[in-house]
Structures are given as structure tokens and as C-alpha cells.
Amino acid sequence: YFAVKLVPTAPRTFTIDQIQQSPIEHNTQLGFYTNFVNLLDLTAIALPAGLRQDHLPFGVTFISHSFTDQALLLLADRLHRCLSTFIGYSTTHLLSNTQKLSMKENDEQWNCFLIGVVGAHLSDLPLNYQLIERNARFVRKCRTHQEYRLYALSNTNPCKPGLIRVTGSRGPGIEIEIWAIPNEHLASFVNLIPSPLTIGNILLDDGQSVKGFLVEPSGTETAKDITQFGGWKAYLNASEG
């Protein structure tokens, strides 16, 4: 299992004359690191990564799971800005003059609503199918601000945690996955959320905020504080061990 891979876009650079002399062989070599992407139903994006010492271009490719296009675009934009000053081979078009991609703006353009999940809706857990069947797509994994605490709730099936912000608390931050759900499916998804869970604003460790799963204060009265594990999956793994 992997979240994202970074590979060279091509193993080497051929001249036009070399390609013309042996087009099939050389083109096959150019796809050495990427030929498998379509066959395995993966997503990839290539970007320039500067020039070699011989002044020929070099590029890298991010590869991840299907339907992670927007997440890869964000990642590629950030790396591109770190590696380059100008757009492509230009010496006049500054990259800094172009608009940075942002998670929120990018998904609003695709009529999607960003939602953060911390429990049974996480990837590979029992309720993740409720996102998948609504054509939601994984955007990224991150952590909440340190002031959030996580509780293992009582009398839930399947087992669920509750996330709540406690001012002044200093925990490790809770693992959270951001998903983009099409707007037309949002209401039916929210309608499935049982009390004492609710949807509210969650502050992330990078300063951004996202709507996501929280718990009402009353839901923590008989719950176990599991903040020290840093996330629901870590807690489940420790419980099984």
C-alpha cells in the first residue's frame, strides 16, 4: 500500500535524431516508470524539475490511486514552485505571477464539498463505503490542531470515535482524512450521521479549516479519552495488539 510515489518521468532524454532512428524502442524506454499507471488504474501527473548539468530538461511524476487527481495537482503545484522560478523553459514568465492552487478553491470548481473524517469513515474502515458509493474522492491525510481530543464513544455500532476541541489542550493532533463529496450527495450523507456526532468546523495543524465530524459534549461523558494514540486507526491497532 502507498499514498503517493515520486518517480522520474523518463529514464533518459533522447535526441530527435535518436528517436527517428528507433522510434518504437526509444519510446518504450521513455515510459519505463509510467507505463503501468493506466494498467493499474492509477492517477499520475508529470511536472518539470529543472535542468541537468548538460542543460537538458528533467522531470518527475507523482503517482497515486485513482480519483486523486486534485490532490496530485495541489502537490505538483507546490513542488513546481519550490523547484522553479520560471514557467517551463521561459526566462520571462515568472511562476510567482501565477495563482497558487488551493484545496478549497480547486474543489469548489468541481462542485464538491470538502469534509474531514476521523473515525469509521476513514479509508478501509467499515463506513468508508458511504463515501465511495457517493463518488467521493480522497484528497489528503493530515492532522488536526493540537487542541482537539479524541474519545472512543460508548454503545456505537460499528465502533466510532468522537472529536472535540478543548481550548488549552495540547495533544499530538488527530489524524484526519479530507474527502471531496459531490454537492448533490452531501445531504444524503449528512442524513446518515447519528447523535451525538455532528458536523462542524475543524482547525487543521497547517492553519486551514474544514467541515468535519465532531461530537457533542454530552457524548464524551461516558467515553474513553484516546487522544494519546493520535488517531482512530492507531487506537484500533493498539486494541487488537
Could you work out the longest stretch of the chain that avoids the trypsin sites (Lys or Arg not before Pro) located in DSSP loops with at most 12 other Cβ atoms within 10 Å?
171-241
If I ignore ligands, DNA and RNA and count only protein heavy atoms, how much of Cys82 is accessible to a 1.4 Å probe, in Å² to the nearest 10?
110
Mean separation of Cα pairs under 8 Å and 6+ residues apart, divided by the residue count of the chain: what relative contact order is that in percent?
16
In percent, how large is the relative contact order of region 4-97, given Cα pairs closer than 8 Å and 6 or more residues apart?
27
Taking a ≥ b ≥ c as the square roots of the Cα gyration tensor eigenvalues, with a/c under 1.5 meaning rounded and otherwise prolate when a/b beats b/c, else oblate, which class fits region 1-94?
oblate
At R0 = 25 Å, FRET efficiency that the Cβ-Cβ distance of Glu221 and Ala187 yields, to 0.05
0.25
Using Cα-Cα distances under 8 Å and only pairs 6 or more residues apart, what relative contact order does region 110-240 have, in percent?
34
Whole number in Å², please: accessible area per residue of the chain, 1.4 Å probe, ligands, DNA and RNA not counted.
58
Taking the Cα centre of the chain as origin, work out the dipole magnitude from +1 charges on Lys and Arg Cβ and -1 charges on Asp and Glu Cβ, in debye rounded to 20.
400
Please list, by residue number, every one of the GluC sites (Glu not before Pro) in region 121-200 that is coil in DSSP and has at most 15 other beta-carbon atoms within 10 Å.
Glu133, Glu147
Fluctuation leader among Leu127, Leu56, Leu74 - the chain, Gaussian network, Cα springs under 10 angstrom
Leu56
Farthest toward positive dipole pole in the chain [+1 Lys/Arg, -1 Asp/Glu at C-beta], among Thr91, Ser123, Ala136
Thr91
Residue with peak Gaussian network fluctuation, the chain [Cα springs, cutoff 10 Å], from Pro196, Pro11, Pro158
Pro158
For the charge dipole of the chain, defined by +1 on Lys and Arg C-beta atoms and -1 on Asp and Glu C-beta atoms about the Cα centroid, which residue among Val190, Ile63, Gly171 has the Cα displaced farthest towards the positive pole?
Gly171
Percent of accessible area on the chain owned by carbon and sulfur, 1.4 Å probe?
54
In nm, to one decimal, how far is the modelled label at Asn157 from the one at Ser123, with both set 7 Å along Cα→Cβ?
3.0
For region 4-97, with only Lys/Arg (+1) and Asp/Glu (-1) charged at the beta-carbon, what is the dipole magnitude about the Cα centre, in debye rounded to 20?
260
Can you sort Asp124, Asp206 by solvent-accessible area, 1.4 Å probe, largest first?
Asp124, Asp206
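The values are calculated or read from the model by the stated rules, or taken from the named source; none is laboratory data. As the structure is a computational prediction, the values presented were derived from the model and not from experiment. Heads up, the Cβs are rebuilt from the backbone with ideal geometry, glycines too, and the neighbour counts pull from every protein chain shown. Surface accessibility is based on the protein's heavy atoms, side chains included, excluding ligands, DNA and RNA. Shrake-Rupley method; radii C 1.70, N 1.55, O 1.52, S 1.80 Å.
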